[in-house]
1. In the stretch A:62-90, what residues are outside any loop (DSSP other than H, G, I, E, B) and closer than 18 Å to residue A:50 by Cβ?
2. Looking only at the stretch A:88-103, which residues are facing chain B (nearest Cβ under 9 Å) and within 13 Å of the chain's Cα centre (by Cα)?
3. I'd like to know if the stretch B:42-57 contains one or more residues that are of a type in the set (Ser, Thr, Tyr), closer than 24 Å to residue A:94 by Cβ and surrounded by 13 or more Cβ atoms within 10 Å (Cβ to Cβ).
4. For the stretch B:76-113, give me the residue count where each residue is within 10 Å of the chain's Cα centre (by Cα) and away from chain A (no Cβ under 14 Å).
5. Collect the residues in the stretch B:15-37 that are surrounded by fewer than 20 Cβ atoms within 10 Å (Cβ to Cβ) and within 12 Å of another protein chain (Cβ to nearest Cβ), keeping them in residue-number order.
6. Do any strands (runs of 3 or more DSSP E) entirely within chain B hold 1 or more residues that are out of contact with any strand residue (DSSP E or B) (no Cβ under 7 Å at 6 or more places or on another chain) and at pLDDT 95 or above, and if so, which?
7. Scan the stretch A:95-115 for residues that are surrounded by 15 or more Cβ atoms within 10 Å (Cβ to Cβ) and within 21 Å of residue B:41 (Cα to Cα) and report the count.
8. Note down all Cβ pairs under 8 Å where the first residue falls in the stretch A:5-23 and is of a type in the set (Asp, Glu), the second is outside any strand (DSSP E or B), and they're at least six residues apart or on different chains.
Amino acid sequence: DAGVTQTPRHEVAEKGQTIILKCEPVSGHNDLFWYRQTKIQGLELLSYFRSKSLMEDGGAFKDRFKAEMLNSSFSTLKIQPTEPKDSAVYLCASSWDWGYYAEQFFGPGTRLTVL
Amino acid sequence: GDSVTQTEGLVTVTEGLPVKLNCTYQTTYLTIAFFWYVQYLNEAPQVLLKSSTDNKRTEHQGFHATLHKSSSSFHLQKSSAQLSDSALYYCALSHSNTNKVVFGTGTRLQVLP
């Protein structure tokens, strides 16, 4: 079975640009999560979808971050406009909707550098 | 709201010695689950252990953890650390009302020869 795939693996953007990160969850998973990973903050939740419906949009990340699920097997995270402080690894994860005991499966991440 | 605390940012241990990574939590929910995720260098995080049963030891790959609701803890332990255990470890909490997981800030384990 294919795991979670993310593209691109690396992205370099100029300040003010718009970038789109892509994620394909594990086939059959109904829950999809976007996280930002930094050394200081660890894993921060950006968005959470269940069966393509947005359940949570990450509060502080709402203004420039927008995640969408175009279908059950594809999601995007748009950052517009980018700022140097957005430099981080962006992780996508998916899980079955078994409830609170379901583990999340992570993709390899996209390393974003904003100059 | 829910929170997970990992007090050590870096734990260094000599190969062959025991290691313990601390994890405590705060939540108002009674039905909860805990996870330890491990992230090796340049890899994705993956689940190492999970548990939802109070006072029951869970083991995997030589690591073990026991959920203690009385002390709000889910510490990760191993009796003999290996060089290959060097990685970033996250403790995480979820509860019965959501599939969302609250992660701690992570502990980097460095095992030295």
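The values are calculated or read from the model by the stated rules, or taken from the named source; none is laboratory data. It should be emphasised that the depicted structure is a prediction, and the values quoted were computed from it without experimental measurement. Glycine also receives a Cβ, built like all others from the backbone with ideal geometry; neighbour counts cover every protein chain displayed.
1. A:66, A:67, A:68, A:69, A:70, A:71, A:74, A:75, A:76, A:77
2. Once the filter is applied, which keeps residues that are facing chain B (nearest Cβ under 9 Å) and within 13 Å of the chain's Cα centre (by Cα), the stretch A:88-103 yields A:91, A:93.
3. Checked the stretch B:42-57: at least one residue is of a type in the set (Ser, Thr, Tyr), closer than 24 Å to residue A:94 by Cβ and surrounded by 13 or more Cβ atoms within 10 Å (Cβ to Cβ).
4. 2
5. Listed by number, the residues that qualify are B:27, B:29, B:30, B:31.
6. Those strands (runs of 3 or more DSSP E) span B:57-60.
7. 10
8. A:14/A:82; A:14/A:115
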